[in-house]
1. If amide H atoms are built 1.01 Å from N in the plane of the peptide, which residues on other chains or at least 5 residues away come under 5 Å of the amide H of residue 518?
2. Looking at the P(r) of segment 387-488, how many percent of alpha-carbon pairs lie beyond 25 Å?
3. Taking amide hydrogens as modeled 1.01 Å from N in the peptide plane, which residues meet the under 5 Å criterion relative to residue 446, leaving out close sequence neighbours?
4. What's the local net charge at residue 128, with K and R +1, D and E -1, over the other residues with C-beta under 10 Å away?
5. Over the Cα atoms, compute the radius of gyration (one decimal) and Dmax (the largest Cα-Cα distance, rounded to a whole number) for segment 234-364, in Å.
6. Within 11 Å, Cβ to Cβ, of residue 219, how many net charges do the neighbouring residues add up to if Lys/Arg are +1 and Asp/Glu are -1?
7. Treating only the Cα positions of segment 100-202 as identical point scatterers, give the base-10 log of I(q)/I(0) from the Debye formula at each q in 0.12 Å⁻¹.
Amino acid sequence: NAAFVVVRRKVSAGATNQFFAFEYQEVLEKLSRSTRSTTDGALALMLRDALSVLDPDVELGVKVVPSVVISRDVMLGLIFPSAHTRGGKPLAVEAKSVSGTTGPPLVTRTVVADLPPMMAVGARVSLLVSVTANAARGAAAAPFELPVGTKVSVVVRPVARLALEGTGEGAFEVEEPQREQTLAFPITATEVGEGEVRVYAFCNGVSIARLDLRMSIVQAPASATAASGRSSIDVQVAFSDRPDLAMYIFERADELMFMLQSSDGALQMKKYGPVVARSPRDYFREFFADIEELPLDTANQRSTAQIRLEKKGLLLFNALFPAELKETLWTLRDRIKTVQITSDEPWIPWEMCRLQSQLPSGRVQEGPFFAEAFHVTRWLYGVSAAPHLQLRKWALIAPEDSGLPNAAAERDYIESLHDSGRSVERLEASYLRIIEAMTSGDYDTWHFTGHARAATGGSADLAAIQLANDESLKPEDITGSTTNMLLTRPFVFLNGCQSGQAGLSLTGVGGWAQRLLKPAANSLAASAFVGSYWSVDDSAALKFAQELYGRLLRRMPIGQAAKEARLSIRTLQDPTWLAYTVYADPSATLA
């Protein structure tokens, strides 16, 4: 049903190529009179006619023909004004968003595709494809330029281990302003391995975007059954190494999207959101600083500080979670144990969110903090979490000049863990010695106790742990040969007992967590990372380390060990019990 044929004529280097549109029926008539083969005849006739219209001596008769809209030497489509003719000759139009040029102006849009990073065999999710005026970036986003009013066709094609329901086709329209337009394509995982699907966007037959999406497909538990027609969520604890609930959080521009997967199959990558979260970095710097300034000198002040922490947790829960997800988590609070949160967003202290619900009467119920209710850990996208921890060969960094009252006690405790099956080596707390030890790749456990400081310029790669003699170690130092420290998939605990004036998130963007857990050149990452969101009390930090390691060495899963260690220091009525964040598989145990 083609109506026109478009020919591109190459011109001199550096100049814009020229495009010409011809009526399809007219081309067919000329082809019928041609003695050449169909393909060669079509090319020859159209090229000849394209050249002839450039000749001012050739008269073709006056008729209305379409103008060709191009951008960056790619044809985007045709426009049909009532009088785009000049002596009967077609016009080659390049559309630009500057005044004085012919053709409609271009606007920038982005096609975005959302697919969960993991799903179970047999699970069914929706691949969401949308168009936005926001400058979304990443592997699943591609910008393009088109005139307002242009139709964009979308085609979805599975590549490996995924099956598509329906035709896999849809369409958008470029608008000004751009309203939210989302297409949903049901996708089913067919076998274990890496699944892949491609999303193509076309305009008038010309490809304007291609997105390649991949996901991990895992084996579903034998008892997994899909939820159907349920009025409430009923997730059962799974006695396996999988977390009872996996929460995937996706960040795009100023939005957060949530997906939940339960180990028993009741939640199969169920989607919630989005919610708006603007400038979380700046917000949480002030948020943590406010916690550090809470007075704790008297019993009354400590009780007041605890209530303030609870209110901050409620504020986070209500602001960050969609209404349906809040209610789902409330119903799960007594039914599940292990929760793993996967998110590249590092600023939000999810462990500190405090559950809340509202009764039909309107009365509000307050529940526990995430870290209080669940065995909760975090992880980043890009590498699998390790199922086991080694804890066989320890590197201890404890600067003698830190001035912290309990630094010596923490050092002595770690050294006391040395036995016939476990070695603990106290390293000289100098920059060169630490770099040498990291380069060797010999240690599977790293423990630091001392001061830490935030990066004054805001770059988390410049956040530092303080060594002896005013030297420091920064996340940016873990690059090149020092990434050999990750060869053992080490356990890393930066117990940065900070002074009250120092404010540091050890999990900052591009900071310690990013450097230790994101795949380096050797494609490895630490098995676990423990750090703090804000300044911690010296004595509470010591007790937390003792309680955590004591449980890990008894082969307790790290998620449970972290929760119990927190609760053991909560009695001190100090915010330190909520300050820690743990990146690991919550079920990981000592090998």
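1. Under 5 Å from the amide H of residue 518: no residue qualifies.
2. Values: 1053 of 5151 pairs.
Percentage above 25 Å: 20.
3. Result for residue 446 returns 395, 491, 492, 493.
4. Taking every other residue near residue 128 into account, the sum is 0.
5. According to the Cα coordinates of segment 234-364, Rg and Dmax are 16.4, 49 Å.
6. Details: positive: 242; negative: 191.
Its environment carries a net charge of 0.
7. For the requested q values the scattering log ratios are -0.44.
Readers should treat all values here as calculations from the given coordinates under stated rules, not as data from a laboratory. Computed from a predicted model, the values in this text were never measured in an experiment. Glycine also receives a Cβ, built like all others from the backbone with ideal geometry; neighbour counts cover every protein chain displayed.
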